[in-house]
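First up is the structure itself, then whatever we jot down about it.
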Amino acid sequence: MKNANKMTGKYYLGFDIGTNSVGWAVTDENYNLCKFKKKAMWGIRLFEDAKTAEERRGQRASRRRLQRRKQRIDLLQEIFAEEINKVDETFFIRLNESRLHLDDKTVLEKHALFIGSEYSEKEYYREYPTIFHLRKELMESSEPHDIRLVYLAIHHILKSRGHFLIDGELSKANSFDAAFYQMKEALRNELDLEIDGENMAEVERVLRDRNISKSDKVKLLAALLAMNQNETESKETKKKIENICKLLVGNKGDISKIFGQTPEGVEKTSFSFGEADYDESIRPNLEESSPDQCFAIDSIKALYDWNVLADILNGQTYLSCAKVNQYETDAMEEILEKAGYEIVSFKETADVYIINTCSVTNMADRKSRQMIHRAKKNNPDAIIVAAGCYVQAAEEELAKKNEADILVGNNKKKDIAQILEEYFAAKEPEQEVPVVSEVIDINHTKEYEDLIIHKVNEHTRAYIKIQDGCNQFCSYCLIPYARGRVRSRRSEDIVEEITGLAQAGYQEFVLTGIHISSYGIDFEEKDRAVYGAETNWHLLKLLQEVDKIPGVTRLRLGSLEPRLITEEFAHGIGQLKTICPHFHLSLQSGSEATLKRMNRHYTPEEFKQGVALLRKTFEHPAITTDVIVGFPQESEEEFEETRKFLDEISFYEMHIFKFSKRKGTRAAVMEGQILEKDKTKRSNILLDMEKEQSREFRFCYIGKEEEVLLEEKKEILGREYWIGHTREYVKVAYPSDEDCRNKLVSGRIESALNDEILLLSTKGTTFH
């Protein structure tokens, strides 16, 4: 270490030696990472050859697992044999015989499960699309069933030794995003296949929709997952995505087309996850022959399993396109419940369907139209209410098409119950009622729509809407036309709502809105005089008031404009005891020329100054941002400016978006549109950078004392952990069998559980 010129005193050199890797780090006596030439002294080395022993252990484990499974099934057959033989003497023989080779069959029947005319396999699969449907019915029904059905259900339970479709509690079955993200990352890392992650909500909807055939689902999902929406994907990529989608919906997919070649040693390349021999023979064979590629297939099956179980449990968790939309949806539900309405699942037959639409992108418009059509298909006699941004932007179009009965704009959602009552009062039997439009000119109103939530679904974090509308008019964005001008919620109303939720047990609050940096600019002059006009003191004053509320332990802010971060503002928030040093500053581009074309009202230098102020005020703040690549006329030089700027700033997280045309915006008709392949290339460069920067930020907390708000239980690598976040929003796991939900715990970060989650030590931890 003699070359570590300025490094003096004692230090620790640590190693983490595994079967296929060696990790190392150098820390001081306080477990802070040391630096050499401004580079953190830690790293990892991977060794491909070291996998051999691990693979052998995995194969032995697979053989033992299959042997134990066979013993359980043999015992089950002995127990059921006498009763089943009374109704079907060849039942077990048919199950055990090959369906593929006629020479191996002693009972010449094409059906393995049922023979005869009274009950066919076709009828069985119509009643029970999956084995889980059968299990559910047997658990809930008191009626007698065919003994063979009972055997098949118990056979499945014993074969799998229980339920392994999801990690943790059954109540988490509707958590779609984790399974989708896992699949997305596995496909990228193991197969070098990039799928579109911006359409998660629509992917979820298509998978859950029972009214769409499997073949149609494949087409819809393939379109949603394709990265290139405006250009033709390569035939090879299309085949990969198509076969992945086939597996997701329960059809047969060909893994040779997913991998681009037939894996050596794999006996069966075309299969579905629902096949009886998948767990027993297909997957063990794939794992033995291609363990890395098998991981990718496992991630696809995890999403398939989620869909099966979520359908059985009938859970109703639909992702919203934005936190604001979700807040408004929850508020409308609460209003309707108070008015006596019963809230049911969207897929159920209902008297009234309310679709809270979005119009941020063309895809959002399309999804909004699809949901309106689905509602009408679910019940042609139902009242269809379309609300939100798409209604605001396309009121005339929707009114002409007569697809919705009631149109509700963005500032009339609070009146939803009254609007429905007036509609039903005016409606006469057997008579059509003209489309009712409750859409105001959103661009000429100063009234804030006061939607208040008194209850939120989770008990750790609550999102509080403080503002609506935007005055920025970025050249790529339609939001100012759909949401109108800035309208701010009165601080006393915000404080009242947060006070009530804090009393109900919520500890962490996120202030959100369309453009919260503009909070208060619409207040009257007398209010401005109170708050100050030189900087955004109206927002700072609100934060100071929330900071005083008993029970509030953490306060986060939504996306901020770089120009908001002045010396005065940074100093002000630095004095707050509840503020979390986790700030999202919207960048979009590191090129000044590109920012001008975007009509962004700051320069890269101003952005850099804002970051510097935050890092001066807080010890190690988490800075996140958004970046658009491939904006019209973005040259290679401009992109390189952005890349260097991002590298210099070094963010905790970056959300990378490829530019897509938005009808009605100036950017959509600009000259110099960038080819999709160039957008993808630039996006991949920044995604790789983001991954490295994010990992470096998280890992710097190893060895440090941190406070974590625990939120949910999850099983990882066979062990249960409570998962939570630090004040910087770094995900941390804490091993405990006790109920730790909504508890604050402080302790030392011991190590990295994986690339995304750090591990909190159980030694010396304290609960608050």
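The values are calculated or read from the model by the stated rules, or taken from the named source; none is laboratory data. These numbers were taken from a predicted model, which means no experiment stands behind them. In this analysis, Cβ positions are derived from the backbone assuming ideal geometry, glycine residues included, and neighbour counts consider all displayed protein chains.
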- Item | Pick from segment 78-130, criterion loosely packed, with under 15 Cβ neighbours inside 10 Å and of a type in the set (Val, Ile, Thr), ranking: modelled with the lowest pLDDT | 107
- Quick one: how many residues across segment 185-204 are surrounded by 20 or more Cβ atoms within 10 Å (Cβ to Cβ) and not aliphatic (A, V, I, L, M)? 3
- Message: On the basis of being under 20 Å from residue 560 (Cβ atoms), modelled with pLDDT under 85 and not in a strand (DSSP E or B), does residue 522 make the cut?
- Response: yes
- Message: For segment 196-214: of the residues being over 14 Å from the mean Cα position of the chain (by Cα) and touching a residue at least 12 places away in the same chain (Cβ under 8 Å), which is nearest to residue 243 (Cα to Cα)?
- Response: 214
- Task: Consider only pairs whose beta carbons are under 7 Å apart and that are at least six residues apart or on different chains; among these, list those whose first residue lies in segment 286-307 and is under 12 Å from residue 244 (Cα atoms) and whose second residue is outside any helix (DSSP H, G or I).
- Result: 301/273; 304/250; 304/273
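A quick yes/no check of all residues on (1) among the aromatic types (Phe, Trp, Tyr); (2) more than 18 Å from residue 629 (Cβ to Cβ); (3) surrounded by fewer than 17 Cβ atoms within 10 Å (Cβ to Cβ):
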| site | (1), (2), (3) |
| --- | --- |
| 550 | no, yes, yes |
| 555 | no, yes, no |
| 561 | no, yes, no |
| 565 | no, yes, no |
| 572 | no, yes, no |
| 581 | no, yes, no |
| 587 | no, no, no |
| 591 | no, no, no |
- Being in a helix (DSSP H, G or I) and at pLDDT 75 or above, is that true of even one residue in segment 167-179? yes
- Message: Looking at segment 679-694, can you tell me whether even one residue there is part of a loop (DSSP other than H, G, I, E, B), over 27 Å from residue 38 (Cβ atoms) and not aliphatic (A, V, I, L, M)?
- Response: no
- Item | Tally, over segment 693-712, of residues that are buried (at least 20 other Cβ atoms within 10 Å of the Cβ) and of a type in the set (Lys, Arg) | 1
- Test: residue in segment 719-733 that is in a loop (DSSP other than H, G, I, E, B), in contact with a His (Cβ under 8 Å, 6 or more places away or on another chain) and more than 20 Å from residue 553 (Cβ to Cβ): no
- Message: Any residue that is modelled with pLDDT of 90 or more and either not in a strand (DSSP E or B) or not small (Gly, Ala, Ser) (or both) - is there at least one of those in segment 529-539?
- Response: yes
- Message: Every residue in segment 366-389 that is modelled with pLDDT under 70 and either closer than 22 Å to residue 331 by Cα or among the β-branched types (Val, Ile, Thr) (or both), please.
- Response: 367, 389
